[in-house]
There are 2 protein chains.
Amino acid sequence: MEKQRVSDAVIRRLPRYYRQLSQLEREGVLRISSGQLSRLMSLTASQIRHDLNCFGGFGQQGYGYSVKGLKSAIADILELGQQKHMIIIGAGNIGQALACYEGFPREGFYVHAIFDNNPRLIGKTVGRLQVSDIQELESYLAAEKVNIAVVATPGEFAQQTADRLTACGVRAIWNFAPIDVAAPNNVVVENVSLSDSLYALSYFMNQLDEQA
Amino acid sequence: MEKQRVSDAVIRRLPRYYRQLSQLEREGVLRISSGQLSRLMSLTASQIRHDLNCFGGFGQQGYGYSVKGLKSAIADILELGQQKHMIIIGAGNIGQALACYEGFPREGFYVHAIFDNNPRLIGKTVGRLQVSDIQELESYLAAEKVNIAVVATPGEFAQQTADRLTACGVRAIWNFAPIDVAAPNNVVVENVSLSDSLYALSYFMNQLDEQA
DNA sequence: TAGATTGTTAATCGATTAACAATC
DNA sequence: TAGATTGTTAATCGATTAACAATC
């Protein structure tokens, strides 16, 4: 009996569950039912149980879920326990912000280097790092194991940067440039596009105004 | 005949269409068929035609779509022509990066102020702005029309910040704090959570490795 | 006109929700 | 045991895809 592939929609809810459970843990909550969780997260209880049962039965009938237990089960699914090594290409606004963000190392995502092609930025200190010359990218990748590369270049350099990364064996790209980046099948790409999110928000806001 | 409500999934593809068409326009492409566009965007031609026809018939049989015409039709739907006034709460890494990002004003989204509660940051220059004291938030909002407020505070302040904003009549919140923020029904909230995106990418990467 | 491609309806597929037996 | 709540299957709903008539 082959385990059925879990849908993307479910996977993308897992981080939300994880965050909510972390929050509950901080608040000292020990156990929670799918019904209570559904109200906190604006989902249905049915969906929560259905989602979790894609991976296993983490609850207990008549009791609910242990906050701690469920949180660590989800951490296991997402493999948050394992250290992930990251580099950032592009030391502009976004690149620097991501390099300095403290939330990532807290969950095992470490930024080890940040590259740029701008001589004025090369050598500059960003958080605990110094900006490296982009020309050293290939030699760096030959020497160091990198799990995830962040593309934070201007749009016009995003695709060529992704190409250089995949040529060096990088298997996961987190792309913040305002251009969707393509890569071979054996590479995972997450195109973030902050402006898409902003445009959608703006559209929904306009809709609301028109109703009123 | 009441026009049927357009689904979220369609709305969230519009910015992607818009970006792709902008790219094609830069490349000097004048016309494009749904088939060609589908290959560029990894969608089906059918879906593209279906999506666009939620808003109107922008194409021409036997010809396809005018790149320029379709781009401006989508800009109209998203109301990108209208200026949007934004403020940012939280002048940390993310807040500063967003304040400085040049892509937003290019599409009519202007950041007019950035607030923080940290005395060391208040008064500091960020891009063309100076960081204001968060205590001035209410008086600022009483005096100025703000369409969208960006929450870029630490998680523990996100909800109370959102509450202050909605109390002052802000109708759209773009939240970057790692906590989903709640608001009344007449307020639109977009919870971004960059770490969710990173965790999902990391999961898909692990999946790929396990296959190989 | 012939060829191409849209607009639009119907068919399919997958995700969400409902229901309830299992069980703590 | 009785009450609560899960795990899991079936029903529903909505989104995507296929098909093709309309038409440029």
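The values are calculated or read from the model by the stated rules, or taken from the named source; none is laboratory data. Bear in mind the structure is a predicted one, so any value in this text is a computation, not a measurement. Cβ: placed from backbone, ideal geometry, glycine included. Neighbour counts: every protein chain shown. Remember, those area values only see protein heavy atoms, side chains included, never the ligands or the DNA or RNA. Shrake-Rupley method; radii C 1.70, N 1.55, O 1.52, S 1.80 Å.
Let's see how each residue does on (1) within 14 Å of the chain's Cα centre (by Cα); (2) within 20 Å of A:Pro15 (Cα to Cα):
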{"residue": "B:Ile122", "(1), (2)": "no, no"}
{"residue": "B:Leu141", "(1), (2)": "no, no"}
{"residue": "B:Val146", "(1), (2)": "no, no"}
{"residue": "B:Glu156", "(1), (2)": "no, yes"}
{"residue": "B:Thr166", "(1), (2)": "no, no"}
{"residue": "B:Leu194", "(1), (2)": "yes, yes"}
{"residue": "B:Leu198", "(1), (2)": "no, yes"}
{"residue": "B:Leu201", "(1), (2)": "no, yes"}
{"residue": "B:Gln211", "(1), (2)": "no, no"}
- Item | Residue in the range A:172-184 that is nearest to B:Asp209 (Cα to Cα), counting only those that are more than 9 Å from every other protein chain (Cβ to nearest Cβ) and surrounded by fewer than 21 Cβ atoms within 10 Å (Cβ to Cβ) | A:Pro184
- Take B:Ser33 and decide whether it is within 16 Å of DNA strand D (Cβ to nearest atom), polar (S, T, N, Q) and touching a strand residue (DSSP E or B) at 6+ places or on another chain (Cβ under 8 Å). yes
- Query: Does B:Ala167 satisfy being crowded, with 21+ Cβ neighbours inside 10 Å and either under 22 Å from B:Ala149 (Cβ atoms) or more than 7 Å from chain A (Cβ to nearest Cβ) (or both)?
  - Reply: no
- Candidate set from the range B:24-47 (those that are closer than 23 Å to A:Glu156 by Cβ and of a type in the set (S, T, N, Q)); member that is nearest to DNA strand C (Cβ to nearest atom): B:Gln36
- Task: Being within 14 Å of chain B (Cβ to nearest Cβ) and either touching a Cys at 6+ places or on another chain (Cβ under 8 Å) or closer than 14 Å to A:His112 by Cβ (or both) is the filter here, so list the residues in the range A:134-164 that pass it.
- Result: A:Lys145, A:Val146, A:Asn147, A:Ile148, A:Ala149, A:Val150
- Item | Residue in the range A:63-78 that is surrounded by the most Cβ atoms within 10 Å (Cβ to Cβ), counting only those that are of a type outside the set (Ser, Thr, Tyr) and without any contact (Cβ under 8 Å) to a residue 24 or more places away in the chain | A:Ala73
- Task: Name every residue in the range B:6-20 that is open to solvent by 50 Å² or more (accessible area, probe 1.4 Å) and either within 11 Å of DNA strand C (Cβ to nearest atom) or within 9 Å of another protein chain (Cβ to nearest Cβ) (or both), in order of residue number.
- Result: B:Asp8, B:Ala9, B:Arg12, B:Arg16
- Please work out which residue is surrounded by the fewest Cβ atoms within 10 Å (Cβ to Cβ), limiting yourself to the range B:185-212 and to residues that are among the charged types (D, E, K, R) and more than 7 Å from chain A (Cβ to nearest Cβ). B:Glu210
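One line per residue, one yes/no per condition, for (1) surrounded by 15 or more Cβ atoms within 10 Å (Cβ to Cβ); (2) touching a residue at least 60 places away in the same chain (Cβ under 8 Å); (3) within 11 Å of DNA strand C (Cβ to nearest atom):
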| residue | (1), (2), (3) |
| --- | --- |
| A:Ser22 | yes, no, no |
| A:Gly59 | yes, no, yes |
| A:Leu80 | yes, yes, no |
| A:Gln83 | no, no, no |
| A:Tyr101 | yes, no, no |
| A:Pro105 | no, no, no |
| A:Gly108 | yes, no, no |
- Taking B:Leu40 as the residue in question, decide whether it is part of a helix (DSSP H, G or I), free of Cβ contacts under 8 Å to residues at least 24 places away in the same chain and not acidic (Asp, Glu). yes
- Out of all the residues in the range A:31-43, which are over 23 Å from the mean Cα position of the chain (by Cα) and open to solvent by 80 Å² or more (accessible area, probe 1.4 Å)? A:Arg31, A:Gln36, A:Arg39
- Query: Could you say whether any residue in the range B:50-71 is within 9 Å of DNA strand D (Cβ to nearest atom) and in a helix (DSSP H, G or I)?
  - Reply: yes
- Message: Looking at the range B:85-98 only, could you name the residues that are open to solvent by less than 30 Å² (accessible area, probe 1.4 Å) and in contact with a strand residue (DSSP E or B) (Cβ under 7 Å, 6 or more places away or on another chain)?
- Response: B:Met86, B:Ile87, B:Ile88, B:Ile89, B:Gly90, B:Ala91, B:Gly95, B:Leu98
